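In what follows, a structure is listed as structure tokens, so that the remarks can point back to it.
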Amino acid sequence: MTASHETQAQAGTAPALDYDAIIIGAGMSGLYQLYRMRELGMRVRVLEAGTGVGGTWYWNRYPGARFDSESYSYSYSFSKELLEEWNWNEHFAPQPETERYLNHVADKFDLRRDIQFRSRVSAAHYQDATRSWDVTLENGDRFRTRFLITAIGPLSAPTMPRIEGVDSFKGASFHTARWPKEPVSFEGKRVAVIGTGATGVQTIQEVAKTAGHLTVFQRTPNWCAPLHNSRIDAEQMAKIKAGYPEMFKRCQETFACFLHTPDPRGTFEVTPEKREAFFEKLYASPGFGIWQGNFRDILTNPKANDAITDFVARKIRQRVKDPVVAEKLIPKNHGFGTRRVPLETKYYEVYNQPNVELVDIKEAPIERITPNGIKTSDREYEFDIIIYATGFDAITGSFDRIDIRGVDGLRLKDKWKGGPRTYLGVMVEGFPNMMMLMGPHTALGNIPRSIEYNVEWVTSLIRHARDHQLTRVEATAAGVASWTDHVKSLGVGLLSNEVNSWMTGINSNVEGKQTRIIARYSGSAPAYRARCDEVAATGYRELALA
Ligand code: NA7
């Protein structure tokens, strides 16, 4: 709080607001929210921990980082001009291209002048007397704002493994989500990668190209499928541009806003030959089709799931020469698609290379990181570089890392003990004037598509508040209970909710995150939008407005 706030508060006059809205985060959500808030003519500030824009695509600059969704389906769709002028070079763009894109967006719409970099928010406390939020940065600076919009990302709180000795390693070590901006050479180096999720897979296949020796420490293998990336030439890009209206319309209609949507047929409604041919076609096609465009029941019917699981296991056995290594790479504790499917480019072939070794740490657990490398129950390995691809405290983790307190000082972290409770994934009872973008219980799916909808809904709500001179906007207990129950009921019968992963809120490296929760909305994106639209159309009657 500034001195003037205190003086005004003491004098009993209305306390000054520094801003109408503060947005935390300058990733894809934060940038677009800023753009929309400016249209409302509001005083708005984005507080960003990094030194540049891009969020996920700013922090995750590890080798091999790239989209698993088609680049063009990942673009913002709100500006025709932006769509017209931006050319993607690859069907699945690498991180530097996406970071360039988001910088281009920031420049084009002159967004930077309202973004404050190197500004990590440590606390946000609601003051009911003034119907405002006091937002504190790590450096102690404080700002007062009417609305607080969190654009902090579902996968942005990286977690290091809880292994003894992590700080004792004398070589270079990096978490993939905190990768340095300077290039890191693996040429001739002894490199370790811990973690084989979507990030680990992308990292491993890239590092294996140049490392002197690469050792992969795998706790749980994942079911990976080929990405089939390729370049986009000028002619193709022109075609993609001409097809944008249709493509974005399609994304609005599909289940999770991807270009791919479940095949209406059930797995066993076709002959075994047709089924095999369909799986083959999906395996040979680019992107998430094999996961998102498969038979409609593969993620709900265990027998159907077995069929695709068996198919992908056979592929792994064909691709990996050493049958012992192949078996280690085949997941045994979950079926295909029940965790996020990493998309890969010659990932399995990496294990045929003489410079690559797979260590199954379920068989020989890591005991400690030593000054020279990694000690398992089997032996000690020496390394020059250790890469931690150990993931994130997902979905609620980025909220937990900020001291967010609502009415009567209630901590959000305490409110969400046992799992998040939200209204439409956007608001929380007891935390007035706080809106979450890509928060728990929203439709994630193809993230930019969901972001655009989320931002537009929040913008409309704030416009409504402004137009009706409302200064306090809060979810009700009944609204939260009903939405949370709805989200939970949608999760019943989904095989992915019976498996440990970041999608079910599990993180072995975080205290208190060992019990599965329903963290995500798993209904269809069109149904989510219909529900949110209905709330807006009735003048937000389900909210407590004052
Ligand atoms: P993930 O998918 O959570 O993967 C993390 C990996 O790290 C996973 O293989 C973990 O094994 C492994 N891990 C985590 N902690 C340890 C310890 N302590 N010891 C050994 N291995 C460990 O994170 P990603 O970054 O790959 O991907 C997250 C999402 O970002 C991704 O799905 C995309 O949507 C973008 P585990 O499976 O827990 O046994």
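A few remarks follow.
- At R0 = 30 Å, FRET efficiency that the Cβ-Cβ distance of Thr476 and Asp306 yields, to 0.05: 0.10
- Centre separation in Å (Cα based) which lies between region 404-425 and region 211-277: 36
- Sorted on the mean count of surrounding Cβ atoms within 10 Å across their residues, most packed first, peptides 234-246, 280-292, 63-75 read 63-75, 280-292, 234-246.
- Table column - 3J(HN,Hα) (Hz), region 181-190, Karplus curve with 6.51, -1.76, 1.60, x for Gly and Pro: 6, 6, x, 10, 8, 9, 3, x, 8, 8
- Among 394-402, 223-231, the order from most to least packed when residues are scored by Cβ within 10 Å on average: 394-402, 223-231
- Separation of the Asn355 and Arg120 label points, Cα + 7 Å toward Cβ, nm: 3.4
- For a straight C-alpha distance cut-off of 12 angstrom, the aspartates and glutamates reachable from Lys239 (same-chain residues fewer than eight places away being disregarded) are Glu84.
- Sequence-distant residues sharing a close amide H with Ala192 (under 5 Å, placed H): Thr215, Ile385, Ile386, Ile387
- Pair Val492, Lys108: separation of 7 Å Cα→Cβ label points (nm): 4.5
- Ellipsoid equivalent to region 278-429 - semi-axes via the Cα gyration tensor, in Å: 35, 28, 13
- Charge dipole (debye, nearest 20) of the chain; +1 at Cβ of Lys and Arg, -1 at Cβ of Asp and Glu: 320
- For the chain, the relative contact order works out to 19 percent when only alpha carbon pairs closer than 8 Å and six or more residues apart are counted.
- Binning the alpha carbon pair distances of the chain at 20 angstrom intervals from zero yields the distribution 21, 54, 24, 2, 0, expressed in whole percent.
- Cα→Cβ-extended label distance, 7 Å offset, between Gln252 and Ser168, nm: 5.9
- Report note on the peptides 250-256, 407-413: ranked by the mean count of other C-beta atoms within 10 Å, highest first, their order is 250-256, 407-413.
- Rh by Kirkwood over Cα pairs, then Stokes-Einstein D for region 193-388 at 1.567 mPa s and 4 °C, µm²/s: 69
- Of Lys274/Lys321; Lys108/Lys281; Lys108/Lys249; Lys189/Lys413; Lys249/Lys281, pairs whose Cα-Cα distance is over 31 Å: Lys108/Lys281; Lys189/Lys413
- Estimated purely from DSSP H runs of n ≥ 4, each contributing -39500 (n - 2.57), the mean residue ellipticity at 222 nm for the chain is -9500 deg cm²/dmol once divided by its residues.
- Proximal aspartates and glutamates to Lys513, defined as alpha-carbon separation beneath 12 angstrom and excluding residues fewer than eight positions away on the same chain: Asp393, Asp400
- Taken as entire DSSP H runs, the helices of the chain that both span 20 Å or more between Cα atoms along their own long axis and average -1.0 or more on the Kyte-Doolittle scale are 302-319, 447-467, 477-491.
- The separation of region 427-472 from region 85-112, counted between C-alpha centres, amounts to 25 Å.
- FRET efficiency for Ala242 and Glu90, using Cβ-Cβ distance with R0 set to 22 Å, rounded to 0.05: 0.70
No lab work stands behind these numbers, since they all come straight from the coordinates. On a predicted model such as this, the values are computed, not experimentally measured, just so you know. Reconstructed Cβ throughout: ideal geometry from the backbone, glycine too, with neighbour counts over all protein chains shown.
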